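Visitor: Before we start, here is the structure in question, set down as structure tokens.
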Amino acid sequence: MRRRTSLVTAVAATALLAAGCGLTDNAVQPGLAAKVDGESLSLRKVDRAVQDYCALRAANPQATAAPTALVRAQFVTGWTQAVAVDHLAPEHGVALPPEPIDKASVKAAWGELGTIDDDNYDSFEWLTWIQQRLTSPVEQLGAPATGDQAVQNGIDLITGWLDDHHVELNPVFGDFDAKTAVFGADPLSIPVSAEAKAAQETTRLTPDQIAKLPADQRCGPAVVQAPQGVPQG
């Protein structure tokens with residue numbers, strides 16, 4: 001049976017997010033989401049991907065909702081981890097998918113979520129690039145172990161590489177707590193947007209509470225409220 005596309009499985013494995021990735025609280029240049037080993041990620045690219053991704057989720061009644069701020073931060077974290085895989089793969093004899101990514105792969109990865117067209121293709125091509133590095137290559141990096149142990153070994157390699165290369169994360173995303181896998185921030189030490197502050201709190205909300213967030217804070221469909229006195233069927 002084909003696995004349904006989801007925020008975690010398609011973009012960044014839960015174990016990778018929970019492991020942390022050596023993010024620093026150093027300010028980066030305006031307009032940049034993150035920097036690692038000389039590579040830079042545009043904040044505009046992230047925000048466009050979030051917009052396109054959340055638009056599809058909002059129109060898909062089968063999708064579950066998530067806080068937009070958390071999605072935004074996960075995309076950036078996933079990118080840094082994918083960059084690490086790109087650097088580690090040659091050292092460990094791991095073959096990466098060919099580039100450029102073909103359209104069939106993009107549609108296969110995201111087609112169940114909604115329509116992939118010319119307007120949103122660039123965003124989902126980028127997310128597919130991340131996805132392809134945070135799936136089987138992570139386990140291959142952990143060889144000769146197999147299964148869960150191989151995945152954990154791969155995670156350890158990625159986390160160590162990112163620690164060594166001093167990843168810089170734009171302070172708008174807040175600090176990553178490796179123990180809780182939550183982005184938070186200290187408003188006394190760095191300027192943090194209301195969206196970033198909300199991410200820490202909304203990750204503790206129930207799915208129903210997340211779905212009832214204001215549209216600009218919710219990535220996914222809203223809860224349809226039944227008229228008072230009429231039971232939901």
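Visitor: Across the range 166-201, what is the number of residues that are modelled with pLDDT under 50, buried (at least 18 other Cβ atoms within 10 Å of the Cβ) and either of a type in the set (S, T, N, Q) or in contact with an Asp or Glu (Cβ under 7 Å, 6 or more places away or on another chain) (or both)?
Guide: 2
Visitor: Taking the stated definitions as given, is Ser123 modelled with pLDDT of 90 or more and out of contact with any Lys or Arg (no Cβ under 7 Å at 6 or more places or on another chain)? Break it down stepwise before answering.
Guide: Details: modelled with pLDDT of 90 or more: yes; out of contact with any Lys or Arg (no Cβ under 7 Å at 6 or more places or on another chain): no.
Taking the combined requirement at face value, the residue does not satisfy it.
Visitor: Check off (1) of a type outside the set (S, T, N, Q); (2) modelled with pLDDT of 95 or more; (3) outside any helix (DSSP H, G or I) for Ala49 and give me the number that stays unchecked.
Guide: Going through (1) of a type outside the set (S, T, N, Q); (2) modelled with pLDDT of 95 or more; (3) outside any helix (DSSP H, G or I) one by one, Ala49 breaks only (3).
Visitor: Of all residues in the range 34-77, how many are of a type in the set (D, E, K, R) and touching a strand residue (DSSP E or B) at 6+ places or on another chain (Cβ under 8 Å)? I'd like the intermediate steps shown before the answer.
Guide: Going residue by residue through the range 34-77, those that are of a type in the set (D, E, K, R) are 35, 37, 39, 44-45, 47-48, 52, 57, 72.
The next check asks that each one be touching a strand residue (DSSP E or B) at 6+ places or on another chain (Cβ under 8 Å); those that pass are 35, 45, 57.
Within the range 34-77, residues that are of a type in the set (D, E, K, R) and touching a strand residue (DSSP E or B) at 6+ places or on another chain (Cβ under 8 Å) number 3.
Visitor: Could you tell me whether any residue of the range 152-160 is of a type in the set (Ser, Thr, Tyr) and either modelled with pLDDT of 95 or more or farther than 12 Å from Val85 by Cα (or both)? Steps first, answer last, please.
Guide: First pass over the range 152-160, keeping only residues of a type in the set (Ser, Thr, Tyr): 159.
Those left that are additionally either modelled with pLDDT of 95 or more or farther than 12 Å from Val85 by Cα (or both): none.
No, the range 152-160 has no match at all.
Visitor: Before we move on, is Asp163 touching a residue at least 24 places away in the same chain (Cβ under 8 Å), part of a helix (DSSP H, G or I) and touching an Asp or Glu at 6+ places or on another chain (Cβ under 9 Å)?
Guide: Details: touching a residue at least 24 places away in the same chain (Cβ under 8 Å): yes; part of a helix (DSSP H, G or I): yes; touching an Asp or Glu at 6+ places or on another chain (Cβ under 9 Å): no.
It is false that Asp163 is touching a residue at least 24 places away in the same chain (Cβ under 8 Å), part of a helix (DSSP H, G or I) and touching an Asp or Glu at 6+ places or on another chain (Cβ under 9 Å).
Visitor: Suppose we keep only residues that are in contact with a helix residue (DSSP H, G or I) (Cβ under 6 Å, 6 or more places away or on another chain), without any contact (Cβ under 8 Å) to a residue 60 or more places away in the chain and not small (Gly, Ala, Ser) within the range 114-148. Which one would you say is nearest to Gln81 (Cα to Cα)?
Guide: Arg133
Visitor: Those residues that are surrounded by 19 or more Cβ atoms within 10 Å (Cβ to Cβ) and over 20 Å from Lys35 (Cα atoms), I need them from the range 95-124; list them, please.
Guide: Our first condition is that a residue be surrounded by 19 or more Cβ atoms within 10 Å (Cβ to Cβ); within the range 95-124, this holds for 106, 109-110, 113-114, 116, 120, 123-124.
Passing the criteria: Val106, Ala109, Trp110, Leu113, Gly114, Ile116, Asn120, Phe124.
Visitor: For the range 131-152, which positions are surrounded by 15 or more Cβ atoms within 10 Å (Cβ to Cβ) and over 26 Å from Glu99 (Cα atoms)?
Guide: Passing the criteria: only Gln152.
Visitor: Tell me whether the range 58-69 contains one or more residues that are at pLDDT 90 or above and among the β-branched types (Val, Ile, Thr).
Guide: If we filter the range 58-69 for residues that are at pLDDT 90 or above, which is where we start, we get 58-60.
Now drop any that are not among the β-branched types (Val, Ile, Thr), which leaves none.
The answer is no, given that none of the residues of the range 58-69 is at pLDDT 90 or above and among the β-branched types (Val, Ile, Thr).
Visitor: Scan the range 140-150 and give yes if some residue there is of a type outside the set (Phe, Trp, Tyr) and under 18 Å from the mean Cα position of the chain (by Cα), otherwise no.
Guide: Narrowing the range 140-150 to residues of a type outside the set (Phe, Trp, Tyr): 140-150.
After this cut, where a residue has to be under 18 Å from the mean Cα position of the chain (by Cα) as well, the list is none.
No, that holds for no residue.
The values are calculated or read from the model by the stated rules, or taken from the named source; none is laboratory data. Remember, it's a predicted structure, so these values are computed and weren't measured experimentally. Neighbour counts are summed over all protein chains in view; Cβ atoms, including those assigned to glycine, are modelled from backbone coordinates with ideal geometry.
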